[in-house]
Amino acid sequence: MAGKRPHVLAVPFPAQGHVKPLMSLCRLIAKHGIKVTFVNAESIHHKIISASQKQQQQDEDDSGHNIVMETVPDGLTPEDLPFTLVETLPKTMPQTLTDLIQRINTSNPNEKVTCLITDITLSWIFEIAAKMGAEHVVFSTFSVASLAFMLHIPKLIEQGNLNINGSLENGVVVSLSNDIPSWRKDELPWSFSSNPKIEKVFFETTKNGLKEAGKAKWWLCNSSHELEPAAYELLPNALPFGPLNLLDSNNVGSTNFFSEDSSCLCWLDTQPYRSVVYVSFGSSGVFSQQQLDELALGLELSGRAFLWVVRPDLADGSSVVYPPGFGTGLGKIVEWAPQNRVLSHQSIGCFVSHCGWNSTTEGVTNGVPFLCWPYFADQFHNERYICEKWGIGLKIDFDEKGIVRSRYEIKDKINMLFYDNKYRENALKLKEMCGKSVDDGGTSCKNLKKFIDHLYRR
């Protein structure tokens, strides 16, 4: 093996919340002298480049030029929804990905691809890895608990807890452990209640794909043993070495789909200690105009300063129109924010979040209490972690008609979170615990070293 070095090829699912943590992991791997080829789908490549081409170059330089960016066709047209990729990728990517690996292996025999790290939704890549003589390792962007739930699908169907369509009956609750919050109807990892077709596609993809993922030696997870001890006990093959935002100190600007507006950091500098409500719903959450109006007016009614991330497509794909009389005298609105830096700022008092797992871990590691506003998939269970298990946040409930979260509910929950110190105290305890897990000798630090050593021995 003299003169040869490990070469990892990483393939994320083409969505912001999947690309970002896998790039963080790849940066950590590359810093240990391992070459990494990071493969993005064409549909998102132009977004990443246009959002932060300069930062991408810095990312590569910081890793000692060990990360090479590649793209492959994904079969997506401009008219398609991102969720369509679940069906198109297995049809369009296998051959081009195989060709890419062959080209890499032929061009430099001393740097052949030795390991494929792929998003858990892309388990069909197992066959490609086997054909090319490379190890296949699965990367999960979900909590360990959500991963455990998905891997238990066959057993849950056999027990009658899930029907063959992946649904629960009203009132049915599924629990994997007394120490893990339960799952309920319309709160499953594949739940897209507004679109049954997408829900069915995601369930079938999850059920069938995880048969292959189950063959992996390890499931790499953006979590920590201390954060989810009960879930970890259910999955001995899980290798958590997160939260990744603590291990990867750079903000991974080269994976953003939107350009960051850093002016909000200067604005935060002018605000009192722990006084600001930070509001962000990730890269895919959308509102009806009625709900956007209620949120805007609820923030204003709270009487507190706010930093609100409003993407251009936040109003259900349309341009945002604010309600009559709404002013931003109390707050600041940006299209995209450097979230980890925002959450670590001393002026942030709480985080109104969709509860995506990346946002959840970023809030947790910065000791920030949550107001939870989940949309779909694993976000509902992350909310249960936040509110029921960890005690670091509150749920923002719908009105009696179940249509919108009212301005008064939003105002009241914001005030409750600021008035009751227990949420902040619990959040700071979690922050300290996560910090220890990534320190030298911590469980996440040990797991990362274990994986790096394995790559060199392969």
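The values are calculated or read from the model by the stated rules, or taken from the named source; none is laboratory data. What you are looking at is a predicted structure, and each value in this text was computed from that prediction instead of being measured. Note that we place each Cβ from the backbone using ideal geometry, even for glycine, and neighbour counts take in every protein chain shown.
Observations on the structure shown:
- Yes/no for Y385 being modelled with pLDDT of 95 or more, among the hydroxyl-bearing types (S, T, Y) and under 27 Å from I180 (Cβ atoms): yes
- Contacts under 7 angstrom Cβ, first residue in the range 130-146 being touching a residue at least 24 places away in the same chain (Cβ under 8 Å) and farther than 30 Å from V174 by Cα, partner part of a loop (DSSP other than H, G, I, E, B) and of a type in the set (S, T, Y), 6 or more apart: A134/T114; E135/T114
- Restricting L239, L265, L244 to residues that are touching a strand residue (DSSP E or B) at 6+ places or on another chain (Cβ under 8 Å) and at pLDDT 90 or above narrows the list to L239.
- Selected residue (criterion: surrounded by the fewest Cβ atoms within 10 Å (Cβ to Cβ)) from residues of the range 401-422 that are free of Cβ contacts under 8 Å to residues at least 60 places away in the same chain and closer than 18 Å to V279 by Cβ: M416
- Qualifying residue in the range 421-439 (condition: assigned to a loop (DSSP other than H, G, I, E, B) and either more than 17 Å from A145 (Cβ to Cβ) or not assigned by TED's automatic domain parsing to the domain that holds V279 (or both)): yes
- Scope the range 126-155; condition among the aliphatic types (A, V, I, L, M) and either over 21 Å from the mean Cα position of the chain (by Cα) or not in a helix (DSSP H, G or I) (or both); matching residues: I128, A129, A130, M132, A134, V137, V138, I153
- For C434, the conditions (1) in contact with a strand residue (DSSP E or B) (Cβ under 9 Å, 6 or more places away or on another chain); (2) buried (at least 18 other Cβ atoms within 10 Å of the Cβ); (3) farther than 16 Å from R274 by Cα; (4) not aliphatic (A, V, I, L, M) are fulfilled apart from (1).
- Just one of (1) at pLDDT below 90; (2) touching a strand residue (DSSP E or B) at 6+ places or on another chain (Cβ under 8 Å) fails for S284. It is (2).
- Filter pass, W308 being touching a Phe, Trp or Tyr at 6+ places or on another chain (Cβ under 7 Å), hydrophobic (A, V, I, L, M, F, W, C) and either surrounded by fewer than 19 Cβ atoms within 10 Å (Cβ to Cβ) or modelled with pLDDT of 90 or more (or both): no
- Screening the range 35-65 for residues that are in contact with a helix residue (DSSP H, G or I) (Cβ under 6 Å, 6 or more places away or on another chain) and at pLDDT 90 or above and picking the one that is surrounded by the fewest Cβ atoms within 10 Å (Cβ to Cβ) gives K35.
- Tallying residues that are small (G, A, S) and in a helix (DSSP H, G or I) within the range 101-124 yields 1.
- Of everything in the range 400-432 that is aliphatic (A, V, I, L, M), out of contact with any Pro (no Cβ under 7 Å at 6 or more places or on another chain) and at pLDDT 95 or above, the residue that is farthest from V368 (Cα to Cα) is I410.
- Selection count where residues are surrounded by 11 or more Cβ atoms within 10 Å (Cβ to Cβ) and either touching a helix residue (DSSP H, G or I) at 6+ places or on another chain (Cβ under 8 Å) or of a type in the set (A, V, I, L, M, F, W, C) (or both), scope the range 155-179: 13
- Boolean, N426 is crowded, with 18+ Cβ neighbours inside 10 Å and polar (S, T, N, Q): no
- Test result for S224, surrounded by fewer than 20 Cβ atoms within 10 Å (Cβ to Cβ) and over 15 Å from H18 (Cβ atoms): no
- Considering residues of the range 191-214 that are among the basic types (K, R) and at pLDDT below 80 only, the residue surrounded by the most Cβ atoms within 10 Å (Cβ to Cβ): K211
- When the criteria are applied in full, T114 fails the requirement of being under 23 Å from V138 (Cβ atoms), buried (at least 16 other Cβ atoms within 10 Å of the Cβ), modelled with pLDDT under 90 and of a type in the set (S, T, Y).
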